[in-house]
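The values are calculated or read from the model by the stated rules, or taken from the named source; none is laboratory data. Computed from a prediction, not measured in an experiment: that's the story for all the values here. FYI the Cβ positions are ideal-geometry reconstructions off the backbone, even for glycines, and counts take in every protein chain you see.
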């Protein structure tokens, strides 16, 4: 079983390695390798997850010690428990459908093979994160997921906007990751463990009044703020729409953005221990849910609407975890993966068939693209929270958790958000498929390789909510939390259906019955419209404050580096060169000159002495006599 679990992420890694090295030779066959790897991982996941289900949530755990710090082990391993089982199912199943869909969407792209290599690496990274048994291992794959998103968001790097979007996503996530890393270090320093299997309510109980760990929990949550696009680090996600649409589906449905939610759910015993941290998380999630929906209601780029929708739905999940609904948040993560992947792939099919992303240029596509319309219709009903589709059950669980947990302000904000969700999704549906074509487009249906995954996801969007519904005794929630009580509240259910209905009615009137009404309302309530259309000017505020300040600091640093540090280094270099030249002259003409003079003197002396060495005895006697006479003369004087 452990071998099978290891093979789940290993297959996409093998696919990446093969494609990246042999992609040019393989050509379009690269897609077959990526599909085989993703489907293989999906089948292996089923074989690993099924025993966990049959054994009532018994975890599979295996690990190796990587290194020791102060006698405490840092491990790498595999952990398959109910939570990771859910994520394995979501990532491999939805991911496989997205990989298959990409064959049709990317078929004319010159970097076809490289795209599938990046997809495979992305799946490997996410599966490694899901199976991680420790926080350090999770952080390693967490960063790898961020790197892959940079590759894929900026895949069409020839476009300035795509290159900027990739850079923005990478940098924004790094801000949150700094907090995540510091939180891991502080948590390990305080508790002595980073193994998920050790982090239980019983283990955390002695630390209940530890302010340091409350702070560490908030630092850990910073990672989720970045990765799951929570306010105020949400600004990267709408720009990520510059990447290919299958990337948007992969990032927003099955992989990157839900990693933050998964991490928070994985640390659920910690949240239960520190209510102040939980309240902070709930407030951030609620704010994000509301603002994401508020921004979505006025966008006209079909992918931007879905991007802000994702931000809003992630806010729902984070709020659920903050108010004590771990099962509800994870349940919504699973249902959202299906209908949001369907929405993005459906949007990709529309873009493929029309050549535009602007909904103002669409309209009347129902007849031209029926195989795209019906799945998108199901996804819209699901995300709007209309019973009995999946979104209703999971959203209702979140609302119930907030209501019964006495978080009434949060409950009503989420209820308003649910109404806005229904409005902007039916607005999208009416603008694209209803009425007459408003632009000069000649729409055509997408190929079967693109529409077949839509049909599968549509079926999933209908059925995937049943395990968490009362029809199956809330099996999903009990699978995640065997001892948790699950409640249904009639008032919450009625209000939930009412919010979805009101949102639909407003969208129907504005975009089907009286199509000139939105423009009139935008003029009447221009302050709200401008605030929504411009996303509360988050980007502009960041550009004029933080980014402007950092650019100013970078310019000052550049000038200081150029005019002070570089000039000092250059001056030292010039002085060193001058000094070396002087030393060279002294060495060449003084030191070497003296040495050469001594040698020359010895040579001259030896030459003179050699002249008197004739070899004749009479010459030597003559020299002796002369010498003797000289000595006598000297002595006489």
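Some points to look at:
- Qualifying residue in the stretch 296-307 (condition: out of contact with any helix residue (DSSP H, G or I) (no Cβ under 6 Å at 6 or more places or on another chain), at pLDDT 95 or above and more than 23 Å from residue 90 (Cβ to Cβ)): no
Rundown of residues vs (1) under 20 Å from residue 74 (Cβ atoms); (2) in contact with a helix residue (DSSP H, G or I) (Cβ under 9 Å, 6 or more places away or on another chain); (3) at pLDDT below 90, yes/no style:
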residue: 195; (1), (2), (3): yes, yes, no
residue: 205; (1), (2), (3): no, yes, yes
residue: 210; (1), (2), (3): no, yes, yes
residue: 215; (1), (2), (3): no, yes, no
residue: 220; (1), (2), (3): yes, yes, no
residue: 231; (1), (2), (3): no, yes, no
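- Candidates 346, 329, 292 - the one that is in a helix (DSSP H, G or I), at pLDDT 95 or above, in contact with a helix residue (DSSP H, G or I) (Cβ under 6 Å, 6 or more places away or on another chain) and surrounded by 21 or more Cβ atoms within 10 Å (Cβ to Cβ): 292
- Residues satisfying the stated conditions in the stretch 444-470, i.e. farther than 27 Å from residue 386 by Cβ and either more than 30 Å from the chain's Cα centre (by Cα) or at pLDDT 90 or above (or both): 444, 447, 448
- Condition met for residue 121 (in contact with a strand residue (DSSP E or B) (Cβ under 8 Å, 6 or more places away or on another chain), on the phi < 0 side of the Ramachandran plot and either assigned to a helix (DSSP H, G or I) or in contact (Cβ under 8 Å) with a residue 40 or more places away in the chain (or both)): no
- The stretch 250-289: number of residues that are at pLDDT below 95 and within 22 Å of residue 533 (Cα to Cα): 1
Per-residue answers, yes or no, for (1) outside any helix (DSSP H, G or I); (2) more than 24 Å from residue 114 (Cβ to Cβ); (3) free of Cβ contacts under 8 Å to residues at least 40 places away in the same chain; (4) touching a helix residue (DSSP H, G or I) at 6+ places or on another chain (Cβ under 7 Å):
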position	(1), (2), (3), (4)
8	no, no, no, yes
16	no, no, no, yes
21	no, no, yes, no
35	no, no, no, yes
39	no, no, no, yes
47	no, yes, no, yes
50	no, yes, yes, no
78	yes, yes, no, yes
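- Residue among 250, 237 that is farther than 24 Å from residue 178 by Cα, out of contact with any strand residue (DSSP E or B) (no Cβ under 9 Å at 6 or more places or on another chain) and surrounded by 24 or more Cβ atoms within 10 Å (Cβ to Cβ): 250
- Looking at 592, 587, 539, just one residue is within 30 Å of residue 420 (Cβ to Cβ) and part of a helix (DSSP H, G or I), and that residue is 539.
- Residue in the stretch 238-249 that is modelled with pLDDT under 90 and either more than 21 Å from residue 342 (Cβ to Cβ) or out of contact with any helix residue (DSSP H, G or I) (no Cβ under 8 Å at 6 or more places or on another chain) (or both) present: yes
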